[in-house]
Amino acid sequence: ERLGRVRVAELLKAFSEEEYLRQQAFSREAVRLLSIANSTRLGRRLYKVVVVIDLEGLSLSHVGSRFVRLCKRVNETFGWHYPETAFRFYVINAPLVFRTAWGVAKSFIHPITVQKFSILGSGWRRTFAEAGITLTTGEASPTSWSAAVRAAVEEHGPELLGRGYMPADDLERLGLR
């Protein structure tokens, strides 16, 4: 998520709340489908993801009430529909004002959730390398998401991706194999 690079005024002018939620749903469904494809390829269930939030470019426009309300609605909506799918959150390029706000805000957040967050400074690339996290070159866009999902559907078939990953012995017991 490149939250800091969002041009808030343009986003709010171009998209309704419902259109933005639909786009966010597409992104989460793409991640879900890719998780199913990876689970199938590896033969074990994978459903947790690492979320990287890049705050480079964060400004006062990002704390305006309309944008904050939209972000809150996205988090509330998808927290119910995709519970416990985030393994870890890495916040990179966080300005001092965010670090200060996080220091206060985390006292109001459940300790288990707080433990999932890492606020990283300029050494984030080294931390990622040590954790085995590889990022794309920044070209992740709806087009590249679409291509990745299309490739997964072609490889595994729409039926498998629609029902999710199940170990082979479970499929046999249910008569689905």
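The values are calculated or read from the model by the stated rules, or taken from the named source; none is laboratory data. Since we're looking at a predicted model, the values are computed, not measured. Ideal geometry is used to build each Cβ from the backbone, glycine not excepted, and the neighbour counts take in all protein chains shown. Areas reflect the complete protein model, heavy atoms only, side chains present, ligands, DNA and RNA absent. Shrake-Rupley method; radii C 1.70, N 1.55, O 1.52, S 1.80 Å.
Database remark: amide H of ILE53 closer than 5 angstrom to the amide H of TYR90, VAL91, ILE92 (H placed geometrically; neighbours at sequence offset of 5 or more, or on other chains; Pro and chain starts carry no H).
Sequence-ordered 3J(HN,Hα) estimates for the stretch 91-102 from the Karplus curve with 6.51, -1.76 and 1.60 and θ = phi - 60° stand at 9, 10, 6, 7, x, 3, 4, 5, 4, 5, 4, 4 Hz, glycine and proline given as x. Where in the stretch 1-69 are there GluC sites (Glu not before Pro) that are in a DSSP coil and have at most 16 other Cβ atoms within 10 angstrom of their Cβ? Those that pass, being in a loop and sparsely packed, are GLU1, GLU56. Need the C-alpha centroid separation for the stretch 1-16 versus the stretch 57-123, integer Å. Distance between centres, Cα-based: 17 Å. The listed peptides 103-114, 81-92, ordered by packing as a protection proxy, come out as 81-92, 103-114 (highest mean of other Cβ atoms within 10 Å first).
With R₀ fixed at 22 Å, the C-beta to C-beta distance from THR85 to ALA105 puts the FRET efficiency at about 0.55. Net length available on complete extension from GLN115 to ARG66 is 14.8 nm, with 0.36 nm assigned per residue and the Cα-Cα distance removed. Accessible-area rank, largest first, for LEU46, LEU21: LEU46, LEU21, with all protein chains present and a 1.4 angstrom probe.
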